[in-house]
1. I'd like the residue in region 190-203 that is of a type outside the set (Gly, Ala, Ser) and crowded, with 17+ Cβ neighbours inside 10 Å and, out of all such residues, is nearest to Phe608 (Cα to Cα).
2. Taking region 341-358, which residues are surrounded by fewer than 16 Cβ atoms within 10 Å (Cβ to Cβ) and either under 29 Å from the mean Cα position of the chain (by Cα) or in a helix (DSSP H, G or I) (or both)?
3. Can you tell me which residue among Leu515, Leu539 is open to solvent by less than 20 Å² (accessible area, probe 1.4 Å), within 16 Å of the ligand (Cβ to nearest atom) and in a helix (DSSP H, G or I)?
4. Name the residues in region 478-497 that are within 11 Å of the ligand (Cβ to nearest atom), open to solvent by 10 Å² or more (accessible area, probe 1.4 Å) and in a helix (DSSP H, G or I), would you?
5. Just to be sure, is Ser508 within 16 Å of the ligand (Cβ to nearest atom) and open to solvent by 10 Å² or more (accessible area, probe 1.4 Å)?
6. If a residue must be acidic (Asp, Glu) and in a strand (DSSP E or B), how many such residues does region 400-443 contain?
7. When only residues in region 280-310 that are assigned to a helix (DSSP H, G or I) and among the basic types (Lys, Arg) count, which is surrounded by the fewest Cβ atoms within 10 Å (Cβ to Cβ)?
8. For region 650-660, what are the residues that are in contact (Cβ under 8 Å) with a residue 24 or more places away in the chain and closer than 26 Å to Asp294 by Cα?
Amino acid sequence: MSQPSVPTPENRNPLLSTWNSRFGLPPFKAIAPEHFRPAFDRALAAHRAEIDAIAAEAAAPSFANTIEALERSGQALERVSNLFYVLAGADTGDAIEEIERDIAPLLARHSDALYLNAGLFRRIEALHKRGDTLGLLPEQYRVLDRYHTRFVRAGAALGKDAQGRLAAINERLASLGTQFGQNVLADEKSYALMLEEGDLVGLPEFAIAAARAAAEERGHKGKHAITLARSSVETFLQFSARRDLREKAFKAWIMRGEGGGKTDNRDIVAEMVRLRAERARLIGYETFADYRLDDQMAKTPAAARNLLDDVWGRALAKATIERDALQDMIAQEGGNFALAPWDWRYYTQKLRKVKYDLDEAEIKPYFQLDRMIEAAFETAHRLFGLSFKSVDVPLYHSDARAWEVLDANGHHAGLFVGDYFARGSKHSGAWMTSLRDQQKLSGDMAPVIVNVCNFSKPAAGETALLSFDDARTLFHEFGHALHGLLSNVTYPLLAGTSVSSDFVELPSQLYEHWLEVPEILKKYARHARTNEPMPQALLDKVLATRTFNQGFATVEYTACALVDLDLHGLKEPGALDVAGFEHESLARIHMPAEIVMRHRIPHFQHLFSGGGYAAGYYSYMWSEVLDADAFEAFEETGDTFDPATAKRLREFIYSAGNLRDPAEAYKAFRGRLPTVDALLRKRGLAEPANA
Ligand SMILES: [Zn+2]
């Protein structure tokens with residue numbers, strides 16, 4: 001027997017050692033959940049010491065000893081928390097969730113120790129006052145200005161009492177946001193609609209295969225399950241001829257976070273809304289929405305609401321016509337019931353078949369996951385000269401895959417990780433995140449970017465197929481990924497997607513347009529069995545239905561954005577009745593009874609799981625004004641890959657991070673600001689309503 005060695009925690013903990021693996025990836029195989037707490041503790045303490053040293057610096061404040069020093073600090077913390085949150089989102093479990101609950105308030109406290117540090121703020125304030133005399137490069141001035149804005153917005157200029165209260169609020173909000181997301185996941189994990197053979201009526205082959213795979217993942221091999229992942233439940237709602245089962249699945253889906261008991265999110269929401277309003281007041285704003293939007297491209301809630309209102313009336317008119325057409329169809333079939341929310345997708349699918357002779361089941365075999373990944377890569381190649389080389393590196397889950405990204409000269413430009421399938425350990429939705437962001441201050445750091453989606457996983461040996469919407473999601477997230485991969489800045493603060501949330505959806509939503517470009521679609525939409533490209537007639541039909549059902553889609557989205565602004569526009573939320581508030585807010589805008597918000601408040605993760613989009617869900621529509629107009633810049637040249645336009649797009653948008661104010665960045669690309677016209681054309685809302 002060998003002598004048992006007692007390693008010190010440092011040399012036993014792979015999170016605390018240098019990562020020498022290829023591309024600077026974490027040694028995933030060696031990492032266990034219990035490594036995170038000690039690693040966080042060490043990284044937090046190290047960053048704290050760096051911050052204190054910068055604040056206590058004896059020399060007069062300079063850009064180098066204050067701003068650059070801050071930009072160089074906290075690297076271990078960045079590394080550990082990036083990795084942790086990739087896992088907490090995409091491959092979580094009881095142990096990770098427990099750490100997540102513990103660590104959220106600690107990170108909030110740590111952030112306040114930085115932003116409410118009086119000595120540090122004095123230095124930044126002094127530098128900012130004489131910013132134009134410091135001889136700074138434009139990027140350096142932007143970094144200084146952003147730090148100053150961040151500190152002021154965090155409450156650095158306030159008195160001690162207000163700061164104490166702010167810190168308490170931030171800590172509480174961090175815990176509540178974590179619990180909110182975990183509750184949604186718990187509700188999703190605990191539910192599955194198990195189907196017997198006779199319950200499959202109407203479901204096409206691909207949907208049955210996905211239901212079989214979902215059952216198997218949950219330990220019911222040989223059975224069929226519908227889960228609350230969007231890809232699973234929406235497909236079921238589209239095709240199932242069993243109205244009773246559609247109702248059952250739909251109700252479970254929209255009741256996430258509102259089921260009573262331990263995972264009910266209503267009290268959490270009420271408290272978060274109250275705390276956010278109080279926080280905004282302390283910092284000097286009337287409401288949380290005013291506070292939030294002051295540092296966005298929109299600047300004011302009124303500006304965001306104007307856009308939404310403009311679209312809402314048109315969308316409502318179009319949705320009404322769509323509803324009547326669906327109701328007619330029910331009558332024609334001899335149905336004697338009013339269209340309900342769980343019928344909308346089913347009859348829309350049928351109507352599409354009648355009107356356009358187009359069936360989702362007919363399109364689906366042409367959208368193979370792997371071909372769509374290639375399509376996204378080729379688009380990036382044609383626009384930006386990037387190439388992607390599949391690499392075999394250990395990752396956190398066997399479903400995740402990696403590609404090395406090479407620039408036009410064949411030089412390493414970053415690593416892209418795609419993690420596409422739904423599973424019980426993954427939160428719902430789709431997102432881009434990073435293990436490492438681009439920067440040049442501490443060496444020339446290439447980014448490591450991750451895309452996470454929730455597509456239905458095929459049974460072993462079968463080809464993964466996407467819906468057209470799934471393919472659009474893949475392009476969307478890949479657009480975000482390129483924003484990270486093409487980033488070309490010196491300072492970490494400005495890298496990649498660190499822009500305002502109403503601008504960050506421009507690179508992602510703009511990218512979706514290229515999925516529909518005939519050169520891409522023709523080449524990559526190939527039948528899974530025959531490898532034949534999609535016939536021109538079918539392709540034409542797919543493109544012709546682009547504005548079909550857009551009344552529904554626009555209503556479903558815009559209602560969420562309006563309710564979000566209402567909720568975060570409350571001055572004194574008091575003891576908020578969340579369900580009642582949602583109901584009243586929707587009644588005010590005459591929400592059709594047959595359409596339910598895309599995300600109801602109790603599971604609205606954009607607003608409450610963390611809160612990146614709180615008072616910011618309008619961002620998608622705001623960015624859509626930009627992306628619709630930006631794509632027309634290509635169309636105007638007659639070439640959807642026009643090299644000169646692509647070059648400007650790269651220079652001012654995809655590689656520029658937060659180098660410029662968003663409006664300036666857009667003007668630099670387009671020569672002017674956008675108008676709403678292109679968006680209305682894109683959604684088929686420009687003409688008088690017509691289904
Ligand atoms: Zn996005």
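The values are calculated or read from the model by the stated rules, or taken from the named source; none is laboratory data. The structure presented is a predicted model; accordingly, all values stated were derived computationally and were not measured. Neighbour counts are summed over all protein chains in view; Cβ atoms, including those assigned to glycine, are modelled from backbone coordinates with ideal geometry. In case anyone asks, the SASA skips ligands and DNA or RNA and just uses the protein heavy atoms, side chains included. Shrake-Rupley method; radii C 1.70, N 1.55, O 1.52, S 1.80 Å.
1. As a first pass, look at region 190-203 and keep what is of a type outside the set (Gly, Ala, Ser): 191, 193-197, 199-201, 203.
With the extra rule that they be crowded, with 17+ Cβ neighbours inside 10 Å, the set shrinks to 191, 193, 195, 199-200, 203.
Numbers: Tyr191: 22, Leu193: 27, Leu195: 33, Asp199: 36, Leu200: 36, Leu203: 34 Å.
Once the filter is applied, the top-ranked residue is Tyr191.
2. Start the filter on region 341-358 by keeping residues that are surrounded by fewer than 16 Cβ atoms within 10 Å (Cβ to Cβ), which leaves 353-357.
Once the filter is applied, which keeps residues that are surrounded by fewer than 16 Cβ atoms within 10 Å (Cβ to Cβ) and either under 29 Å from the mean Cα position of the chain (by Cα) or in a helix (DSSP H, G or I) (or both), region 341-358 yields Lys353, Val354, Lys355, Tyr356.
3. On the way: Leu539 fails: within 16 Å of the ligand (Cβ to nearest atom).
Leu515 is the lone residue from the list that is open to solvent by less than 20 Å² (accessible area, probe 1.4 Å), within 16 Å of the ligand (Cβ to nearest atom) and in a helix (DSSP H, G or I).
4. First, pick out the residues of region 478-497 that are within 11 Å of the ligand (Cβ to nearest atom): 478-481, 483, 497.
Filter once more, keeping what is open to solvent by 10 Å² or more (accessible area, probe 1.4 Å): 480, 497.
Matches in region 478-497: His480 only.
5. On the way: within 16 Å of the ligand (Cβ to nearest atom): yes; open to solvent by 10 Å² or more (accessible area, probe 1.4 Å): no.
Against the criterion (within 16 Å of the ligand (Cβ to nearest atom) and open to solvent by 10 Å² or more (accessible area, probe 1.4 Å)), Ser508 does not qualify.
6. At the first step, the residues of region 400-443 found to be acidic (Asp, Glu) are 404, 407, 419, 437.
With the extra rule that they be in a strand (DSSP E or B), the set shrinks to 404, 419.
Qualifying residue count, region 400-443: 2.
7. Arg281
8. Our first condition is that a residue be in contact (Cβ under 8 Å) with a residue 24 or more places away in the chain; within region 650-660, this holds for 650, 653-660.
The answer is Ile653, Tyr654, Ser655, Ala656, Gly657, Asn658, Leu659, Arg660.
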